[in-house]
Structure formats: C-alpha cells, structure tokens
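Participant: So that we are looking at the same thing, I have put the structure below in structure tokens.
The values are calculated or read from the model by the stated rules, or taken from the named source; none is laboratory data. It should be emphasised that the depicted structure is a prediction, and the values quoted were computed from it without experimental measurement. Note: ideal-geometry Cβ built from the backbone for every residue, glycine included; neighbour counts use all protein chains shown. All accessible areas refer to the heavy atoms of the entire protein, side chains included, with ligands and DNA or RNA removed. Shrake-Rupley method; radii C 1.70, N 1.55, O 1.52, S 1.80 Å.
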Amino acid sequence: MIDASADPAALGDLMHAAFRGLRKRWMLQLAPFDLTPHQFRALNAVARAALTSSGSKGEPGPGETPGLRLKELAERLRIAPRSATEVVDQLAAKGLIERTPHPTDRRATLLALTAEGESLRKQVLADRKREADEFFSVLEPADRAELVRILGELVPERG
C-alpha cells in the first residue's frame, strides 16, 4: 500500500484510481440501458430542472416555463452547446427526451423527459444505488461517513 499521507501526489493517484474504478463500473452499469455517462447526466439534469422549477403539484410555478433550454443544459453539464445538442439528439432519437417550443420565445426550444425517459431514469438511479452500495460495502459505516465528510470538504459545490 502506498503511504499517501507522506506524498500528496500519491494521494491524488489513489483518488484517480478509485474514480477510474467507479467510472468503469458506471459505464458497464449503463450499457444494458443503452446509455453513456454523458447521456445519463443530461437525462438527469433535464429531470432535476423539471423538479426544481415545478410547483407542489409538479406543474410550473408562476412565471416559470416547463422544460430546460439547451443552453441551460450545456451550462449545467459544463459542456459546449454543440456537445449538448449531440447528446440531446441521441436521447431524442431513443425517445427519452422531447423538444417543445418555448411558450413565449419563438426562437427557443425546451427539453423535457418523455414518460419513457423518466421511467428509464428511475431504473438507472435504483441500479446505481445498488451498485454504489456494493462498491462501498468494503467500508465500515463509520468509514463511509468519514469519506463523505472528507469528499464534501474537497468538493464544496455539488453541482
């Protein structure tokens, strides 16, 4: 085992190795759903936007529009709008996201999950929880809590 406490670079290497392991599992987990990590992140961002902009009954609140603009999706994913367009095109071709005209801006299009997209998202989230439980099962509950605390210090903005 590497003594990461004596060498910050070694600690970084351990973090990268753990992340690569998680990312590989994530890609393998998404394959049966015919999704890439980028596609799922987009699907999730559109769903979260709908949840945060909706009122208590799941309808848009006063002055809010249902859906997410492509530009907003690109900003949330921290990718170029052209890349966001490609991901949305792929998701739309699979019937998971739909584009609708903006109700007040003729130039804009809004993105929303289809019923199939929402169903698939819920399946993936449930599967992801199961996989994460399995991945982190080697840690005792107290160690998991400490890892959450430490990572929270390193990543103060979770977006």
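Participant: Using r as the Cβ-Cβ distance of T36 and T104, and R0 as 30 Å, what FRET efficiency do you calculate, to the nearest 0.05?
Facilitator: In this case the efficiency is close to 0.35.
Participant: Students sometimes get this wrong: rank I79, I150, I97 by accessible area, probe 1.4 Å, all chains present, largest first.
Facilitator: Numbers: I79 50, I150 70, I97 5 Å².
Result, largest first: I150, I79, I97.
Participant: Just to confirm my numbers, what's the Cα centroid distance between the range 65-105 and the range 17-36 in Å?
Facilitator: Comparing the Cα centres of the range 65-105 and the range 17-36, I get a distance of 23 Å.
Participant: Within the chain, how many Lys pairs that are eight or more residues apart, or on different chains, come under 26 Å at the alpha-carbon? Intermediate values should be presented prior to the final figure.
Facilitator: Values: K24/K94; K24/K122; K24/K129; K57/K122; K71/K94; K71/K122; K94/K122; K94/K129.
The number of close lysine pairs in the chain is 8.
Participant: Pick from G21, G95, G117 the residue whose mean-square fluctuation is largest in a GNM of the chain, springs joining Cα atoms under 10 Å.
Facilitator: Answer for the Gaussian network model of the chain: G21.
Participant: Now, a different point. Can you tell me, using C-alpha contacts under 8 Å and at least 6 residues apart, the relative contact order of the chain as a whole percent?
Facilitator: Contact order relative to length: 19 percent.
Participant: Given a Förster distance of 30 angstrom, what is the FRET efficiency for L151 paired with E118, based on the Cβ-Cβ distance and rounded to 0.05?
Facilitator: Approximately 0.55, to the nearest 0.05.
Participant: Hey, what number do you get for the chain at 222 nm if only DSSP H runs of n ≥ 4 count, each worth -39500 (n - 2.57), divided across all residues, to the nearest 500?
Facilitator: -20000 deg cm²/dmol
Participant: Determine the share of the chain's accessible area contributed by carbon and sulfur atoms, expressed in whole percent, with a 1.4 angstrom probe.
Facilitator: Carbon and sulfur together cover 57 percent of it.
Participant: Using a 1.4 angstrom probe, figure out how much accessible area the chain has per residue, in square angstrom, rounded to the nearest whole.
Facilitator: Normalised by residue count, the accessible surface of the chain is 69 Å².
Participant: May I ask you to derive the FRET efficiency for V138 and L77 from their Cβ-Cβ distance with R0 = 22 Å, giving the value to the nearest 0.05?
Facilitator: 0.10
Participant: May I pose another question? Classify the chain: rounded, prolate or oblate, from the alpha-carbon gyration tensor (a ≥ b ≥ c, eigenvalue square roots; a/c under 1.5 rounded; otherwise prolate if a/b is larger than b/c)? Intermediate values should be presented prior to the final figure.
Facilitator: Working: a/c = 2.11, a/b = 2.00, b/c = 1.05.
Prolate is the answer for the chain, as a/c is 1.5 or above and a/b outweighs b/c.
Participant: Let me ask something else about it. Placing +1 on the Cβ of each Lys and Arg and -1 on the Cβ of each Asp and Glu in the range 69-124, which of V124, P103, A93 has its Cα farthest towards the positive end of the resulting dipole?
Facilitator: P103
Participant: Kindly express, to the nearest 10 degrees and within the range 0 to 90, the angle between helix 81-93's C-alpha long axis and the longest C-alpha principal axis of the chain.
Facilitator: Once rounded, one gets 80 degrees.
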